[in-house]
Amino acid sequence: MKFSSKQFVASVKEKNSYEPEFIQAVEEFVGSLEDFLNKNPVYLENKILERLVEPERVIIFRVPWVDDKGETQINRGFRVQFNSTLGPYKGGLRFHPTVNLSVLKFLGFEQIFKNSLTGLPLGGGKGGSDFDPHDKSDAEVMRFTQSFMTELYRHIGADTDIPAGDIGVGAREIGYMFGQYKRLKNEFTGVLTGKGVLWGGSNIRSEATGYGLVYFVEQMLRHSGEEIKGKTVLVSGSGNVAQYAVEKAIQLGAKVLTMSDSEGTIYDKDGITEEKLDYIKNLKNVRRGRIKDYAEKYSAEYLEGKNPWSVKADIALPCATQNEISKADAQALVDNGIFLVGEGANMPSSLEAVDIFRSNKIIFAPGKASNAGGVAVSGLEMSQNSMRLQWTREEVDDNLQKIMKEIHAKAVEYSKDKDRIDYITGANIAGFKRVADSMIAQGLV
Ligand code: GLU
């Protein structure tokens, strides 16, 4: 039996023809696994891939709520419980108008292998809603999240499924959802991660995805005899991941030139300082404003309606959303001398962009390896909740650094080429192997 990734992707396409993002994630994954699977037929005989692409369970539900004008609003809620081989389903909730089943299946699928790479006991899941918290009042967000949780609560639990944040779901949303869960169940348990540090959250959870990304990039640089100090960096996005990636990059001596939001990019030739970053944190997390204000305040260039990928720099850290780097963007990055790309978002590079990075020998980290720090610290939050204690910032940060280092080592171990590490293949095989061996051990369930 010879495995052909093309044939396999064709069968997934046939069954899920309306799910382009999910098909893209599967295509990227199985393409890199072809050689490995043909050398290890046990996974083919056990139909592991066929089993992996079917979520164990998908829940879709109505979320009715009343806006500030007294009008009834209806949104759609989802939870994709993809794979529970390594632990309870674990993964974020995304609230964004673009959320649909395809997006959540791609995210849930990626999450299985990302969580496997952390080495922690975490299954894979994802959920969310097409609700847009962006232009809503606090009261509207509270009414929506309470209604959302009033259905979701019966499907989740500290030993079953532990959601967290993602795009559009931050401290405010997690707080309201936790409050509603606690009220409905009359239980204070670690059912969500990303909780406030005052009430069961972990230190460093907010910072974890961005810090983890930079720790991973440091490992990649070290592996090729380089360091981050003195390098120029492009960051996209200005949410949680971007903010803390910028913070850590600055702390380690890099010069960050850009950040962005859905309306445009700020290009600060002098570099974003810690003080300027505080302004962005306040702008985005408290005032919920547009990044354009930064350009006015600090006399930086504003690239209206543009992403950062046309700016000249050494390193690119896409931290906004899926498919934010098109083929043309990837070519522009290569032409401008970028030598390393580290994905902070989930699948920010299109398949064509990845091909361009590969053929130009760009050092490239796929999100499921380089952004795994967030869910890793979520896993540590679950451990702390089970023990009913809280570790210090230093303890959690040490653990995070160790986990990112181990993920890097695993990707290197499974890379075909040892001189120029193929992080995509390395991470995919390492992530897959742990799940697949465990699925075989647990029988046909
Ligand atoms: N949404 C994040 C991710 O993409 C974090 C998930 C979590 O902490 O459960 O990995």
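The values are calculated or read from the model by the stated rules, or taken from the named source; none is laboratory data. Since the model is a prediction, treat every value here as computed from it, not as a measurement. Neighbour counts are summed over all protein chains in view; Cβ atoms, including those assigned to glycine, are modelled from backbone coordinates with ideal geometry. Heavy atoms of the whole protein, side chains included, go into the accessibility calculation; ligands, DNA and RNA do not. Shrake-Rupley method; radii C 1.70, N 1.55, O 1.52, S 1.80 Å.
Round to the nearest 0.05 the FRET efficiency obtained for D135 and E275 when R0 = 30 Å and r is the Cβ-Cβ distance. Kindly include the intermediate steps, with their values, before the conclusion.
On the way: r = 29 Å, r/R0 = 0.96.
Once rounded, the FRET efficiency stands at 0.55.
With a cut-off of at most 13 other beta carbons within 10 Å, and DSSP calling the residue loop, which chymotrypsin sites (Phe, Trp or Tyr not before Pro) in the range 202-243 qualify? Please list them. Mind dumping the intermediate values first?
Details: sites: Y211, Y215, F216; in loops: none.
Listed in order of number, the matching sites amount to none.
Rounded, prolate or oblate: pick one for the range 176-300, where a ≥ b ≥ c are the square roots of the eigenvalues of its C-alpha gyration tensor, a/c under 1.5 means rounded, and failing that, prolate if a/b is larger than b/c, else oblate. Let's see the in-between values first.
Values: a/c = 3.09, a/b = 1.50, b/c = 2.07.
Taking the square roots of the gyration eigenvalues as a ≥ b ≥ c, the range 176-300 is oblate.
Considering only F82, Y298, L198, whose Cα is most displaced toward the positive end of the charge dipole of the chain, charges sitting on Cβ of Lys, Arg (+1) and Asp, Glu (-1)?
The one lying farthest along the dipole's positive direction is F82.
For the range 273-312 and the range 229-262, write down the distance between their C-alpha centroids in whole Å.
Taking the Cα centre of each part, the range 273-312 and the range 229-262 sit 11 Å apart.
When N counts the residues of the range 9-144, how does its alpha-carbon radius of gyration compare numerically with 2.2 N^0.38 Å, as a ratio? Let's see the in-between values first.
On the way: Rg = 17.5 Å, N = 136, 2.2 N^0.38 = 14.2 Å.
Cα Rg divided by the expected 2.2 N^0.38 Å: 1.23.
Any idea what the alpha-carbon Rg over 2.2 N^0.38 Å comes to for the range 266-332? Kindly include the intermediate steps, with their values, before the conclusion.
Numbers: Rg = 12.9 Å, N = 67, 2.2 N^0.38 = 10.9 Å.
Scaled against compact globular proteins, the figure is 1.19.
Using a Gaussian network for the chain with springs between C-alpha atoms less than 10 Å apart, which of these wobbles most: E381, E19, E304?
Checking each option, the largest mean-square fluctuation is seen for E304.
What size of dipole, in debye to the nearest 20, comes out for the range 337-445 about its Cα centre when the only charges are +1 on Lys and Arg C-beta atoms and -1 on Asp and Glu C-beta atoms? Present the calculation step by step, with values, prior to reporting the outcome.
On the way: 13 positive and 14 negative charges, 39 e Å.
In debye, rounded to 20, the range 337-445 gives about 180.
What are the extents of the Cα atoms of the range 1-89 along their three principal axes, in Å, largest first?
Principal extents (largest minus smallest coordinate, Cα): 61, 28, 18 Å.
Please check: in the Gaussian network model of the chain (C-alpha springs, under 10 Å), which one of T85, T232, T98 has the largest mean-square fluctuation.
T98
Find which of L234, A171, T273 sits farthest along the positive direction of the dipole of the range 157-276, computed with +1 on the beta-carbon of Lys and Arg, -1 on that of Asp and Glu, about the Cα centre.
Of the listed residues, the answer is A171.
With a cut-off of at most 12 other beta carbons within 10 Å, and DSSP calling the residue loop, which trypsin sites (Lys or Arg not before Pro) in the range 303-389 qualify? Please list them.
Values: sites: K306, K312, K327, R358, K361, K368, R388; in loops: K306, K312, K361, R388.
Those satisfying the criteria are K361, R388.
Rounded, prolate or oblate: pick one for the range 286-445, where a ≥ b ≥ c are the square roots of the eigenvalues of its C-alpha gyration tensor, a/c under 1.5 means rounded, and failing that, prolate if a/b is larger than b/c, else oblate. Intermediate values should be presented prior to the final figure.
Working: a/c = 2.22, a/b = 1.28, b/c = 1.74.
Because a/c hits 1.5 or more and a/b fails to exceed b/c, the range 286-445 counts as oblate.
Considering only protein heavy atoms and a probe of 1.4 Å, how much of the accessible area of the range 177-320 is carbon and sulfur, as a whole percent?
On the way: 2630 of 5980 Å².
So the carbon and sulfur contribution to the accessible surface is 44 percent.
To the nearest whole percent, what portion of all C-alpha pairs in the range 60-136 is separated by more than 19 angstrom?
Beyond 19 Å sits 41 percent of the P(r) for the range 60-136.
Only sites in a loop by DSSP and with at most 16 other Cβ atoms within 10 Å count here; which chymotrypsin sites (Phe, Trp or Tyr not before Pro) in the range 15-52 make the cut?
Y18
List the relative contact order of the chain as a percent without decimals, with contacts defined as Cα pairs under 8 Å and 6+ residues apart.
Details: 902 pairs, mean separation 65.6, N = 445.
Dividing the mean separation by the residue count of the chain yields 15 percent.
Which lysines does K361 reach when only Cα atoms under 16 Å apart count, and residues fewer than 8 places away in its own chain are ignored?
Partners within reach: K327, K416, K418.
Bin all alpha-carbon pair distances of the range 136-241 at 5 Å intervals from 0 and give each bin's fraction as a whole percent.
P(r) over the range 136-241, rounded to whole percents: 2, 11, 18, 18, 14, 11, 9, 7, 6, 4, 1.
With a 1.4 Å probe and all protein chains kept in place, how much accessible area does D417 have, in Å² rounded to the nearest 10?
About 70 Å², ignoring ligands and nucleic acids.
Peptides 223-229, 398-404: what's the order by average Cβ count within 10 Å, highest mean first?
Values: 223-229: 13.4, 398-404: 19.6.
Ranking, from highest mean packing down: 398-404, 223-229.
Label-point separation (nm) for K312 and S11, each offset 7 Å from Cα along Cα-to-Cβ?
Placing both labels 7 Å along Cα→Cβ, they lie 5.1 nm apart.
Let me make sure I get this right: for the chain, a, b and c are the square roots of the gyration tensor eigenvalues over alpha carbons, sorted descending. Under 1.5 in a/c it's rounded, otherwise prolate if a/b > b/c, else oblate. Which is it? Intermediate values should be presented prior to the final figure.
On the way: a/c = 1.41, a/b = 1.01, b/c = 1.40.
Rounded.
Quick check: the distance between the Cα centres of the range 110-134 and the range 359-411, to the nearest angstrom?
The two parts, judged by their Cα centres, are 14 Å apart.
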